[in-house]
Amino acid sequence: MKYCSECGNKVSYYTPEGDNRPRHNCHFCQTTHYSNPNIVAGCLPVYQKNKILLCKRAIEPRRGYWTLPAGYMENNESVETAALRETCEEANAEVNIISLYTLTSIVHASQVQMLFLAELPTLEFSSGIESLDVQLFSFDEIPWDQLAFQTIKNALTFYIEDYKAGKFPLHNVVLEAPLKQLIKLQD
């Protein structure tokens, strides 16, 4: 950030008095500009509990890799609405949300990802504008080496384990760095 969005003057980057971390500050209008994490919302759509809907990304990052339908939450929508919108945009699918399933703090990317376990009630789905392909995968068909993100690998692994156990608890995860550290807070 170079200029204040309130008054247009140049900003400086320092820790303001009474704060504990550096921020962009405007000396002219005294505005402190905060940069906060983005929320990523999406679904883990399952058909008849043993098939999972995945989307092949048509956009960067990780174009051509498989993911769950998810994306950035917009202003003026709930997390659930964002997850449903992203599923519709990326997979042209309507799902029924069952529950929040994974809550992941992606520290190195300043993101929080919230994936909802969702039922895909029909086989009506197709590639959306951000997807090259959309397919249902049984557990043994999942393209593990072609998954786009660690968070997706985590969610799929949790689901398969939970399916076998017959329980689907909320998984709270902290990713400190890409592919380096996975901290499972609770099940």
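The values are calculated or read from the model by the stated rules, or taken from the named source; none is laboratory data. Treat the numbers as computed from the prediction; the structure is a model and nothing was measured. Backbone-built Cβ (ideal geometry, glycine too); neighbour counts: all protein chains shown. Areas reflect the complete protein model, heavy atoms only, side chains present, ligands, DNA and RNA absent. Shrake-Rupley method; radii C 1.70, N 1.55, O 1.52, S 1.80 Å.
For the range 70-187, with all protein chains in place and a probe radius of 1.4 Å, 51% of the accessible heavy-atom surface sits on carbon or sulfur.
Per-residue 3J(HN,Hα) values for the range 3-11, derived from phi via the Karplus relation 6.51 cos²θ - 1.76 cosθ + 1.60 with θ = phi - 60°, read 10, 5, 6, 8, 10, x, 7, 5, 10 Hz in sequence order (x marks Gly and Pro). Computed across the chain, the Kirkwood radius stands at 18.0 Å (inverse of mean 1/r, all Cα pairs).
Under 5 Å from the amide H of V11 lie the amide H atoms of Y3, C4, each residue being 5 or more positions distant or on a separate chain, with H modelled from the backbone and absent for Pro and chain starts.
Which order do W144, W66 take when ranked by solvent-accessible area (1.4 Å probe, heavy atoms of all protein chains), largest first? The partial results should precede the final answer.
On the way: W144 90, W66 10 Å².
Result, largest first: W144, W66.
Accessible area ranking (1.4 Å probe, heavy atoms, ligands and nucleic acids excluded), largest first, for F116, F149: F149, F116. Of the trypsin sites (Lys or Arg not before Pro) found in the range 55-158, the ones in coil according to DSSP and having at most 16 other Cβ atoms within 10 Å of their Cβ are R62, R63.
Given a 1.4 Å probe, how much area per residue of the chain is accessible, in Å²? Don't skip to the answer; put the middle values down first.
Values: 10620 Å² over 187 residues.
Normalised by residue count, the accessible surface of the chain is 57 Å².
Considering all projection directions equally, how large on average is the shadow of the alpha-carbon convex hull of the range 78-167, in square nanometres?
On the way: hull surface 26.6 nm².
It is 6.6 nm².
Rolled with a 1.4 Å probe across the full set of protein chains, the surface gives S131 an accessible area near 10 Å². Spin-label model, M1/A109: points 7 Å from Cα along the beta carbon direction are separated by 2.3 nm. Extents of the range 33-106, largest first, come to 46, 28, 21 Å (Cα atoms, principal axes, whole angstrom). Helical content alone sets the calculated 222 nm signal of the chain at -5000 deg cm²/dmol, taking -39,500 (n - 2.57) per DSSP H segment of four or more residues and averaging over every residue.
Qualifying GluC sites (Glu not before Pro) in the range 36-98, where qualification requires a DSSP coil assignment and no more than 10 other C-beta atoms within 10 Å, are lacking entirely. Ordering F125, L156, S138 by the projection of their Cα atoms onto the charge dipole of the chain, which places +1 on the Cβ of Lys and Arg and -1 on the Cβ of Asp and Glu, puts L156 at the extreme positive end. Helix 79-91 and the longest principal axis of the C-alpha atoms of the chain enclose an angle of approximately 60°.
Between amide H atoms placed 1.01 Å from N, distances below 5 Å from G128 occur with A91, N92, all of them 5 or more places distant or on a separate chain. Each other residue within a Cβ distance under 13 Å of Q146 adds +1 if Lys or Arg and -1 if Asp or Glu, for a net charge of +2. Partner aspartates and glutamates whose Cα lies under 17 Å from the Cα of K167, excluding those fewer than 8 positions away in the same chain, are identified as E119, D187. A simple count of charges around T31, restricted to other residues whose Cβ falls under 11 Å of its Cβ and scoring Lys, Arg +1 and Asp, Glu -1, yields 0. Rounded to the nearest 10 degrees, the inclination of helix 150-165 to the longest alpha-carbon principal axis of the chain is 40 degrees. Sorted largest first by accessible area at a 1.4 angstrom probe radius, with every protein chain in place, the residues D140, D133, D162 fall in the order D140, D133, D162. Taking amide hydrogens as placed 1.01 Å from N in the peptide plane, the amide H of Y101 sits under 5 Å from those of L115, F116, L117, each at least 5 positions away in sequence or on another chain.
Where the only charges are on Cβ atoms (+1 Lys, Arg; -1 Asp, Glu), what is the dipole of the range 1-102 about its Cα centre, to the nearest 20 debye? Write out the running numbers ahead of the final one.
Numbers: 11 positive and 11 negative charges, 99 e Å.
Result for the range 1-102 is approximately 480 debye, rounded to the nearest 20.
Between D140 and E74, the simple label model (points 7 Å from Cα in the Cβ direction) yields a spacing of 4.2 nm.
Using Cβ point charges alone (K and R +1, D and E -1), the dipole size of the range 82-187 about the Cα centre works out to roughly 480 debye. Phi angles across the range 47-54 convert, under the Karplus curve 6.51 cos²θ - 1.76 cosθ + 1.60 with θ = phi - 60°, into 3J(HN,Hα) values of 10, 6, 6, 10, 10, 10, 8, 10 Hz, Gly and Pro given as x.
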